[in-house]
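The values are calculated or read from the model by the stated rules, or taken from the named source; none is laboratory data. For clarity, every value in this text was computed on a predicted model and none was experimentally measured. Positions of Cβ are generated from backbone atoms using ideal geometry, with glycine treated the same way; all protein chains shown enter the neighbour counts. All accessible areas refer to the heavy atoms of the entire protein, side chains included, with ligands and DNA or RNA removed. Shrake-Rupley method; radii C 1.70, N 1.55, O 1.52, S 1.80 Å.
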Amino acid sequence: MGTLLAVATSTGTGLSALATANFWAQALDWWENASFSGTFLSPSQAIESLPVVAQGFPVTLTMAFIGFFLAIPLGLGLAFLKMAKFAPLRWIATTYVDVIRGTPLLLQIIVIYLGLPLMPAFQTAMEPFSNITFLSLDFSAWFRAFLILSANSAAYLAEIFRAGIQSIPKGQMEAARSLGMKTSMAMSVVILPQTVRRILPTSLSEFILLLKDTALFTVVSFGEMMLYARWEQARTFNMTPLVLVAVFYLLVTIPAGRIVARLENKLAEQDSGTASRGKRPPRLDVASTHVVPHQENVLQEVR
Amino acid sequence: MSKAIVEIKDLKKTFANEEVLHSINLQVHKGEVVCILGPSGSGKSTLLRCINLLEVPTSGEVWVDGTQINAKNTDINKARRHLGMVFQQFNLFPHKTAQGNVELALTKVLKLSKDEASAIAIEQLAHVGLADRADYYPSQLSGGQQQRVAIARALAMEPKVMLFDEVTSSLDPELVRDVLNVMRDLARGGMTMVVVTHEMGFAREVADRVVFMDEGVIVEEGSPEDIFEKPKNERTKNFLGHLIEQN
């Protein structure tokens, strides 16, 4: 009796598993053929296009990271020029920033990326590096991409840096100078370290923008992630590769955005004097901020 | 009298066409404590800031220990090492601990090793009664503690003259005493000090000489007894009278 029951049960389980598998297969079939999901969210298409799109992912990351990395010193230089005492230096920096920020990046990409190779001088300059390739792109292409991205981002960073430096109270520079520091030293050991903390969130937001902007290089057929996705889309008449590429962008931009938010909170806390960063001493309680008698004793003993 | 360590000759300072200091002459001798009193806007802070060239005099001469510091060929960064300055707003470096604040100029300006700097920093913080706060950041210290760190930071450079610019003006009354105690000890130790202050009690007790300024001129100067007990000038009398009424 017991054995019979067991057999019946196991047969039942087998049947229901079969039915479940069948259900999912049917569901998948329906999903693949439905008008919306089949066009934008086709799993089979995603699997097919994944290796192609993924191929462009390191290219996009390299563009964004190196472009941004190069933009930092450029932006800092521009920020100092904007604050220069000598007016013509300020004019140069202001004009540069105005032109870059006042024109579409797409325009800058087309003009510089397609324009530079038209100059014989540029071709000659690139000649010695012609056998260098990275991620299937030649040196000249990388050079132009980094040039455009860093030159563009630097203009935006310059404003962030300048505002950051000028937000540091004047007394900080005065205190540093009164201790015998030169302006340049005061800038590097007192002002800039404080500025970095303040501008970190905004600069990181700038990085996120830059990462997304790399997609514009598709128009000059620079082989980054978006271009691969477009090829796949054109080849298959299906939008799924583009949704897939969106996921790749989000993979970077969402965590980066969370970091920005966290940094901003931390900064707000530090400015109000309540943060505890790493191994810091405990916060002062109200009692210890008042005059404690033994402190005077310490003073008298030492003197 | 020993020779003047600070000498100001015919100093004038103009801000945007308005002369805020008119022909100031002042000498400070070695070991002397000079308190500068006067109503707000009298130019006393500007005068103090002219001594270490945070404000550049429009004309006149500022001599510190035999060097004319507003001369063209003077290395002001070197000259400033002999002039400790303490500010009303403390101006501690918020990204450094108390100890880091004291060490910074020692390692960067005097090029001392990290160990030497740290030994000096700990010693100076102990002098101002804050040995146990060495690892605290300025935001974790009270105003009075911050100001004492600022004093330690200036003293660590072994200045020949200390300049105090209304150092207790932004402190809660109960925190003022600690800072004044440190300054009093410093004066007793023989430090040359120029103190811009509103603390009449401190000026009366500690100052060797009191200078009263109004509207960009030195109206009257003399011993604390002279200035506080029998002021000669009407403006001095008025100013001190107001203060007595307030208290």
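Couple of notes before you dig in:
- Span per principal axis, largest first, for the Cα atoms of region A:74-143 (Å): 45, 25, 24
- Full-extension gain in nm, A:V196 to A:A34, via 0.36 nm per residue minus C-alpha separation: 53.2 nm
- Between A:A256 and B:L110, the modelled label-to-label distance comes to 4.6 nm, taking each label 7 Å out from Cα in the direction of the beta carbon.
- Check: region A:62-221 dipole with +1 on Lys, Arg Cβ and -1 on Asp, Glu Cβ, in debye: 700 debye
- Surface per residue (accessible, 1.4 Å probe) for region B:176-221, Å²: 35 Å²
- Taking the DSSP bridge list for region B:111-247 and keeping only pairs wholly inside it, about 50 percent are antiparallel.
- Surface share of carbon and sulfur [accessible, 1.4 angstrom probe, percent] for region A:8-123: 77 percent
- A:A125/A:K212 FRET efficiency (R0 51 Å; Cβ-Cβ; nearest 0.05): 0.95
- Heavy-atom accessible surface of region A:139-194: percent carbon and sulfur, 1.4 Å: 66 percent
- For region A:71-126, the list of trypsin sites (Lys or Arg not before Pro) that fall in a loop by DSSP and count at most 11 other C-beta atoms within 10 angstrom reads A:K85.
- Probing with 1.4 Å while keeping every protein chain in the model, the per residue accessible area of region B:1-106 equals 40 Å².
- Each stretch of four or more DSSP H residues adds -39500 (n - 2.57); spread over every residue of the protein assembly as shown, this sum gives -19000 deg cm²/dmol at 222 nm.
- Translational diffusion of chain B, µm² s⁻¹ [Kirkwood Rh, Cα pairs; Stokes-Einstein; 25 °C; 0.890 mPa s]: 132 µm²/s
- Spherically averaged projected area in nm², based on the convex hull that wraps the Cα atoms of region B:157-247: 6.7 nm²
- Partners for B:K114 among aspartates and glutamates (Cα-Cα distance below 20 Å; same-chain residues under 8 apart left out): B:E103, B:E123, B:D132, B:D135, B:E158
- Once A binds B, the 1.4 Å probe can no longer reach about 3500 Å² of accessible area, counting both sides.
- Per residue, region A:62-221 exposes 48 Å² of solvent-accessible protein surface, assessed with a 1.4 angstrom probe and all protein chains in place.
- Antiparallel %, DSSP beta bridges [both residues in the protein assembly as shown], to 5: 55 percent
- Projected area averaged over orientations for the protein assembly as shown, convex hull of C-alpha atoms, nm²: 43.4 nm²
- The simple spin-label model puts a point 7 Å past each Cα toward its Cβ; for B:E61 and B:A16 those points are separated by 3.3 nm.
- Per-bin percent of Cα-Cα distances, region A:42-97 [5 Å]: 4, 17, 14, 11, 10, 9, 8, 7, 7, 6, 4, 2, 1
- Label-to-label distance for A:S167 and B:S23 is 4.9 nm, based on points extended 7 Å past Cα in the beta-carbon direction.
- Overall shape of region A:62-221 was characterised from the C-alpha gyration tensor. The equivalent ellipsoid obtained from it has semi-axes of 34, 16, 15 Å, in decreasing order.
- Packing here is the average count of other Cβ atoms within 10 Å per residue, and on that basis the peptides A:197-210, B:11-24, highest first, run A:197-210, B:11-24.
- Within region B:1-103, the ratio Rg/Rh, alpha carbon atoms throughout and Rh by Kirkwood, equals 0.99.
- Alpha-carbon centroid distance for the pair region B:213-235 / region A:229-271, whole angstrom: 70 Å
- The portion of the accessible surface of chain B made up by carbon and sulfur, rounded to a whole percent, is 47 (1.4 Å probe; DNA, RNA and ligands excluded).
- Residue-normalised convex hull volume from the C-alpha trace of region B:81-165: 79 Å³ per residue.
- Among the residues of region B:59-97, those with an accessible-area drop of 20 Å² or more from chain alone to full protein complex, heavy atoms and 1.4 Å probe, are B:N77, B:R80, B:F87, B:N91, B:F93, B:P94, B:H95.
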